[in-house]
Number of protein chains: 2
Amino acid sequence: MRLQDIYKNLRNDLRLIERELEASVHTDHHQLNRSAVHLLEAGGKRMRPVFVLLSGKFGRYDIRRLKSVAVPLELIHMATLVHDDVIDDAATRRGRQTVKAKWDNRVAMYTGDYILGRSLTIASTIGDPEVHRVLSRAITEMCRGEIEQIRHFYNYEQSLLTYLQRIKRKTALLMAVSCHLGALVAGADPDHVRRLRLYGYYVGMAFQITDDVLDIVGKEKELGKPAGSDLRQGNVTVPIIYVLMHGSQQDRERIIRYLKSAGADPSLDDILDRLRGSEGIAWSYRLADRYLDKALWMLEGLPDGETRESLRLIAEFIGRRSY
Amino acid sequence: MRLQDIYKNLRNDLRLIERELEASVHTDHHQLNRSAVHLLEAGGKRMRPVFVLLSGKFGRYDIRRLKSVAVPLELIHMATLVHDDVIDDAATRRGRQTVKAKWDNRVAMYTGDYILGRSLTIASTIGDPEVHRVLSRAITEMCRGEIEQIRHFYNYEQSLLTYLQRIKRKTALLMAVSCHLGALVAGADPDHVRRLRLYGYYVGMAFQITDDVLDIVGKEKELGKPAGSDLRQGNVTVPIIYVLMHGSQQDRERIIRYLKSAGADPSLDDILDRLRGSEGIAWSYRLADRYLDKALWMLEGLPDGETRESLRLIAEFIGRRSY
């Protein structure tokens, strides 16, 4: 089985979810419709719906119940992206202009608020209070993640733990919740629910660490945004933290000077070259690998079969992707 | 009893809530701390906490339980204000610069997200799933209200019903929920809970209608913002809707021309003068009075006493306030 086969197997249900996403953001407000559709069309891998569907296969697979959590989860993800682009002052994402760049911060703010509102409206039709509890905690933590991101912009003294907590809130949590809720609404065995949630969490951590490495070593064409965007925006990621802790004094000083200048210092390209040649890259990949190993370990306790194999493939893909 | 006496009677508990509000928005992120404190210091009447506390008196009054809903409700209110100011492009509120004017839309966006996140975090400590259900529906509806506001900017064809639904989501709902949750966590009689919720809803409708009239007839000094802000921002309120429906052809044409120009037409002051002299003002006040009558009617079914008298006074104050 290859990665495409997973999408092929889920094709009909993913199409259904895509249609519901389109219908759910549709509005007769012209500007909102344009910005929400722009965001939706930027696409992405729809990883959260994929996790919901695959996790649902460990119980009674009912697409109607599964889409009632998959759609709000993907909408929450979209809402955070559009606000994150304001926070990060990002001009492009996935090769397209961001909402804030195409229009402005105000439009991005209310587009995000709108999509969050749509997400909550759809989620409110779910009867299970446990689902609500899990969802609202996730939203809370993601709001905190957004703020943690701002708080530590240009902070060259942050620890690895600070970074890990931030990416947990920013990325891993919603993936964990996707697996959790997919399994939960399907009535899967509680131990399987727990394992799937942890699988999603570990995969999410590995995904974000890899993302942060790719931001430094990747090509603009593959990234869909300029390389080095994180550092430019003051977002201090794990390869940078590694070099700040273990790099040569010269490298450390250059990075600190850059961060102290809040991006005004003209040495970004030079710093990026140094980071690319540093131990920080290999060390970060090893860190991601450790999370992937944990994710694979969680799968060990799940029933063998095609679905488990799909989750294994996703974890492995994340480990070796280059975009 | 006068209005001040209500605040005096609740003084200690309101102080406690004020301290919790301060503590809950405090952060070591410099910008966030400044903007959140700026927002907190703008103050306001803390109507939502007052409603929570007074409603709690119809059951077992326990300030610890009551503040666990009063604080998140006031924070939700603050979060919507700061985003609303971005939507409305408002420069001042309550006589102070808005966050978006003092800093910018980006800061206003993340300050609102932060305060909403803080609100949800505090709310998540509440055990009762019914409280969560009520709160998350309120947040959902308020997100929808924000969008309805944008959708109908400069729309001169909107009906009175559209307006009423919008102010319900924007204002009345959170007041209804404040009364509802105060009574609910105090374990009040279900019929009293229902009556208090409706009281809050009717008072909220009257409050917003009065607010919208004052925006036209009030003085800048008392309003804490320039008169006519609503029309300038394209926010079509009830006196304007009345004149669009029943005014002279000349008045209707002037307003439509202004709204069609999206505020570029220079005739705002002239239109405001005409609105002030129109039937729309008295008609809107009568509409507010009808809601207040309904609010007072709801109080009839509650046990007689000082608390009921306080709620009556608040409703009456809203009916005759000039700021």
Find every distance from the label point of residue B:8 to the corresponding label point in the other copies (7 Å from Cα along Cα→Cβ) and write them in nm, one decimal, shortest first.
-> 8.0
For the stretch A:268-312, what does the equivalent ellipsoid look like in terms of its semi-axes, each the square root of 5 times an eigenvalue of the Cα gyration tensor, given largest first in whole Å?
-> 35, 10, 5
Between the modelled labels at residue A:264 and residue A:31 (7 Å from Cα along Cα→Cβ) the distance in nm is 3.3
Two pseudo-spin positions, 7 Å from Cα along C-beta at residue A:317 and at residue A:249, lie apart in nanometres by 4.8
Taking Cα atoms, how many degrees apart are the long axis of helix A:63-88 and the longest axis of chain A, rounded to 10 and kept between 0 and 90?
-> 20
Would you mind getting me the FRET efficiency between residue A:273 and residue A:91? Use the beta-carbon distance for r and R0 = 25 Å, nearest 0.05.
-> 0.65
By how many degrees, 0 to 90 and rounded to 10, does the Cα axis of helix A:129-151 deviate from the longest principal axis of chain A?
-> 10
Rounded to the nearest 0.05, FRET efficiency between residue B:157 and residue A:306 (Cβ-Cβ, R0 51 Å) equals 0.40
Output ³J(HN,Hα) for the stretch A:32-37: one whole-Hz value per residue in order, computed from phi by the Karplus curve 6.51 cos²θ - 1.76 cosθ + 1.60 with θ = phi - 60°, and x for Gly and Pro.
-> 4, 4, 4, 6, 5, 5
State the answer as a single residue: which of A:53, B:142, B:213 lies farthest towards the positive end of the charge dipole of the protein assembly as shown, with beta carbon charges of +1 for Lys and Arg and -1 for Asp and Glu, about the Cα centre.
-> A:53
Hey, got a sec? Which trypsin sites (Lys or Arg not before Pro) in the stretch A:232-323 land in a DSSP loop and have at most 15 other Cβ atoms within 10 Å?
-> A:321
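With +1 on each Lys and Arg Cβ and -1 on each Asp and Glu Cβ, and nothing else charged, work out how big the dipole of chain B is about its Cα centre, in Debye to the nearest 20. If you can, show how the numbers build up before the last one.
Working: 49 positive and 43 negative charges, 78 e Å.
That gives a dipole near 380 debye.
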If you take the beta carbon distance between residue B:45 and residue A:102 as r and set R0 to 60 Å, what does 1/(1 + (r/R0)^6) give as a FRET efficiency, to the nearest 0.05?
-> 0.90
Along each of its three principal axes, how wide is the spread of alpha-carbon positions in the protein assembly as shown, in whole angstrom units, largest first?
-> 73, 54, 48
Please give, to one decimal in nm, the separation of the simple spin-label points placed at residue A:189 and residue A:62, each 7 Å out from Cα toward the Cβ.
-> 2.1
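Per residue of chain B, what 222 nm ellipticity follows from adding -39500 (n - 2.57) for every DSSP H run with n ≥ 4, rounded to the nearest 500? Each step should come with its number before you reach the end.
Details: 18 runs with 240 residues, N = 323.
Counting only the DSSP helices, I get -23500 deg cm²/dmol.
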Considering the alpha-carbon set of the stretch B:3-320 alone, what are its Rg and its Dmax in angstrom?
-> 19.6, 58
Taking the label point 7 Å from Cα in the Cβ direction, how far apart in nm is residue A:273 from each other copy of itself, listed shortest first?
-> 6.9
Summed residue charge, Cβ within 12 Å of residue A:212's Cβ, Lys/Arg positive, Asp/Glu negative | -1
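In percent, what relative contact order does chain B have, based on Cα pairs under 8 Å that are 6 or more apart in sequence? Don't skip to the answer; put the middle values down first.
On the way: 460 pairs, mean separation 63.2, N = 323.
Normalised by residue count, the contact order of chain B is 20 percent.
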For the stretch B:194-251 and the stretch B:24-72, write down the distance between their C-alpha centroids in whole Å.
-> 26
Could you pull out which residues in the stretch A:156-170 have an amide N less than 18 Å from a spot 7 Å beyond the Cα of residue A:3, following the Cα-Cβ vector?
-> none
Taking a quarter of the surface of the Cα convex hull of the stretch B:70-142, what do you get in nm²?
-> 4.9
Kindly give the distances from residue B:245 to its copy-mates, label point to label point, with each label point 7 Å from Cα along Cα→Cβ, as nm values to one decimal ordered shortest first.
-> 6.6
Eight or more residues apart or on different chains, and alpha-carbon atoms under 18 Å: count the Lys pairs in chain B matching that.
-> 11
Search the structure for amide H atoms under 5 Å from the amide H of residue A:227, placed 1.01 Å from N in the peptide plane, and list their residues when 5 or more places away or on another chain.
-> A:220
Positive-end extreme of charge dipole, the stretch B:1-114 - chosen from B:23, B:98, B:108 (charges on Cβ) | B:23
Helix B:249-260 versus the longest principal axis of chain B: what angle, 0 to 90°, nearest 10, using Cα atoms?
-> 70
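Enumerate by residue number the trypsin sites (Lys or Arg not before Pro) in the stretch A:51-99 meeting two conditions: DSSP loop (anything except H, G, I, E, B), and at most 15 other Cβ atoms within 10 Å of the site's Cβ.
Values: sites: A:57, A:60, A:64, A:65, A:67, A:93, A:94, A:96; in loops: A:57, A:60, A:94.
Those satisfying the criteria are A:60, A:94.
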If you keep only loop residues by DSSP, which GluC sites (Glu not before Pro) in the stretch B:288-323 have at most 11 other Cβ atoms within 10 Å of their Cβ?
-> none
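Computed from the coordinates by the stated procedures, all read-outs in this text should not be read as laboratory data. Remember, predicted model here, so these are calculated numbers, not experimental data. Quick reminder, even Gly has a Cβ in these numbers, built from the backbone with ideal geometry, and neighbours come from all protein chains shown.
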